[in-house]
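Report on one structure; see the data block that follows.
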Amino acid sequence: MAKRYATGTLAVEGVDLDIARGDFLALLGPSGCGKSTLLRMIAGLIPASEGRLDFPADAAARRSIGFVFQEPTLMPWASALRNVALPLELAGTPRREAEARAAEMLARVELGGFEHAYPRALSGGMKMRVSIARALVTKPRLLLMDEPFAALDEITRFRLNADLLDLWRAERFTVIFVTHSVFESVFLAERIVVMAPRPGRILRELAVPAADRAVPEFRTSAIYAAHCREVSHALAEAMGGA
Amino acid sequence: MRATRLLRWMAPTLLGVLFLAGWEWAVRAKEVPPFILPGPVLIAETLARDWSSLSVSLLITLQITFAALAVAASLGLLLAVLFAQSRVVEMSLFPYAVILQVTPIVAIAPLIIIWVDDVRAALLICAWIVAFFPILSNTTVGLNSTDRNLEDLFRLYGASRWQVLWRLKLPSAMPYFLAGLRISGGLALIGAIVAEFVAGTGGRASGLAYRILEAGYQLQIPRMFAALVLVSGTGIAIFLALSLLSHLLLRRWHESAQAGEPR
């Protein structure tokens, strides 16, 4: 796939990715490497200039996407519950049923009891949880996340990372997670796709096997550090090549 | 916190009382005749004495003001929504809205009064012209300043044009619309008064502006001031009422209503 903007800038070039159902894939790279552009093309928010996206034939794929932005992107005039119920209501689900499912989803992201709170009253981390609940309430096959935790403090980010992994293990939706943090990508993803800028392209793909992740206290383990070092080298190569 | 709130009320009240007392004292001390400058006490007495005739006029002015405000609000909102739906409509109509806004109402009021047979309708049109623009321009800005990511989100979920308008654009524009409404409330009153001045309609069924004119001709200066007090009081009441409305509608989510009391 490729994306060329009307200005002539080639944002993404020659991207070829094969993503299996249930993958947790991280797109890692420096600013301007086209990772967000790629994500938006996958979501169908911007058209690809070349190439195409193939979804499995059996999936009602287009409708089955959840998207989490870098900002929580909540409607400030609506309560947490109403925000989470939005995707269902836009699809025509009756209000009562949509709200029941939204309440269930809020409980899953540990926000039970905050249904009627307005975004203004919630902390940054809680707002992001609402945003994740909204993306998951339609039970999507594919969850797209665009640097969702970049604006949060480290403690909150670590907790949300762990909770996201728990949700993913339970539901096994496919995740494409855009990040510029080596540590976050190694902690979360089984497949790490390192991208290089100008033009945005895939440089290398690295794997973090599930078995490695199973060690206790993975975040402080030696094997985690080894993966981080490997990914850092790849990233340095991506920056150096620019 | 409590102290500042108290101060917010106390300071202007104290200043007002001092000003009125000084005025009254000056009028009495210098023995200024009432037809040059009446004192506050005399004005209050006149207001109480003439209340029966002045209140009828107040009611008439209020009717025109609120009718004009209602038409301005609904038409301004409607037109702004139309602008948001189509760039072509916006580009073709907006310049004329600006022309309508910058043309002094005193200059075109006589024409409108000549063209429109019904005086009430003529007054309403004048007040509407003055009140309409802030609502239109504010709401247009509001409708165009929705969060781009939220728009993407609505697109991702396949929202219809109607859903985008109703669930995203209108709520986003609400604070802007209400700010416009607060400005227009005062302007509608000014428009109604100016038009009444120009029309100069007599008889019992005429508004406060005519009472001011009439009192001026008859050199009943205290009565003139009494009518003026009513006009100002009405303007302040309209502003406070619309501020309260805005506060009640926005207090749960918008930053402008965060301070805890209407501004």
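Quick notes on this one:
- Residue ID - surrounded by the most Cβ atoms within 10 Å (Cβ to Cβ), chosen from residues in region B:4-45 that are under 24 Å from residue B:231 (Cα atoms) and among the acidic types (Asp, Glu): B:24
- The selection criterion, being surrounded by 18 or more Cβ atoms within 10 Å (Cβ to Cβ) and either within 13 Å of residue A:25 (Cα to Cα) or touching a helix residue (DSSP H, G or I) at 6+ places or on another chain (Cβ under 7 Å) (or both), holds for residue A:192.
- Test result for residue B:195, hydrophobic (A, V, I, L, M, F, W, C) and in contact with a Cys (Cβ under 6 Å, 6 or more places away or on another chain): yes
- Scan of region A:7-38 for residues that are touching a Phe, Trp or Tyr at 6+ places or on another chain (Cβ under 8 Å) and modelled with pLDDT of 80 or more, ordered by number: A:22, A:24, A:25, A:26, A:27
- Looking at B:173, B:159, B:199, just one residue is buried (at least 21 other Cβ atoms within 10 Å of the Cβ) and more than 14 Å from chain A (Cβ to nearest Cβ), and that residue is B:199.
- The criterion of at least 1 residues that are touching an Asp or Glu at 6+ places or on another chain (Cβ under 7 Å) is met by the following helices (runs of 4 or more DSSP H) wholly inside region B:1-103: B:40-49, B:51-85.
- Positions within region A:61-112 being at the interface with chain B (Cβ under 8 Å from one of its Cβ atoms) and of a type in the set (Val, Ile, Thr), in sequence order: A:65, A:73
- Some residue of region A:130-142 being assigned to a helix (DSSP H, G or I), closer than 20 Å to residue A:26 by Cβ, within 14 Å of chain B (Cβ to nearest Cβ) and in contact with a Ser or Thr (Cβ under 8 Å, 6 or more places away or on another chain): yes
- The single condition among (1) at pLDDT below 70; (2) crowded, with 22+ Cβ neighbours inside 10 Å that residue A:4 does not satisfy is (2).
- Residues located in region B:119-154, provided they are of a type in the set (Gly, Ala, Ser) and either within 17 Å of the chain's Cα centre (by Cα) or under 20 Å from residue B:168 (Cβ atoms) (or both): B:127, B:131, B:137, B:142, B:145
- Qualifying residue in region A:145-166 (condition: buried (at least 17 other Cβ atoms within 10 Å of the Cβ), within 13 Å of the chain's Cα centre (by Cα) and part of a strand (DSSP E or B)): yes
The values are calculated or read from the model by the stated rules, or taken from the named source; none is laboratory data. Keep in mind the model is a prediction, meaning the values are calculated, not measured. All Cβ positions, even for glycine, are placed from backbone atoms using ideal geometry, and neighbour counts span all protein chains on display.
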